[in-house]
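Pasting a structure here, questions to come.
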Amino acid sequence: MIVLAFLTKPSLYIIDEPFIGLDPKAMKDFLRLLDQERQEGAAVLMSTHMLDTAERICDRFVLMMNGEVIIQGTLEDILNAAGTRHATLLDSFEVLMERTVK
């Protein structure tokens, strides 16, 4: 299905948990293909639990917990909101999630 999507060259790729079952090389190849499509003007909407990977490849984020948006914006926006300026997206999500639960 992934190959078919790249062959049709859509203007928007909607991808849900794309890294499940991929080995590291396949993951890098997939990310290169996505980046190439982005460079050619395609948009990518991706849902993933792999925040460390998302942090490296995404421009904007929507972090959700229990089906509710807890924050959205750029990485800088999220780090600032969490008060974790030099931390990771995952660390910031944990801080924001804990604030939401309390």
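The values are calculated or read from the model by the stated rules, or taken from the named source; none is laboratory data. None of these values were measured; they are calculated from a predicted model. All Cβ positions, glycine included, derive from the backbone under ideal geometry; neighbour counts span all protein chains shown.
Please indicate, with yes or no, whether at least one residue in region 43-53 is outside the structural domain of Met97 (by TED's automatic domain parsing) and more than 30 Å from Glu98 (Cα to Cα).
yes
Only one residue in Val95, Val44 is of a type in the set (Val, Ile, Thr) and within 19 Å of Glu17 (Cβ to Cβ), so which one is that?
Val44
Still on this structure, please answer the following. Filter region 25-56 down to the residues that are within 25 Å of Glu94 (Cβ to Cβ), assigned to a helix (DSSP H, G or I) and not β-branched (Val, Ile, Thr) and list them by number.
Result: Met27, Leu31, Leu51, Asp52, Ala54, Glu55, Arg56.
Given (1) within 18 Å of the chain's Cα centre (by Cα); (2) not in a loop (DSSP other than H, G, I, E, B), identify the lone condition not met by Gly21.
(2)
Quick one: in region 60-102, of everything that is in contact with a helix residue (DSSP H, G or I) (Cβ under 9 Å, 6 or more places away or on another chain) and of a type in the set (Gly, Ala, Ser), which residue is surrounded by the most Cβ atoms within 10 Å (Cβ to Cβ)?
In this case the residue turns out to be Ser92.
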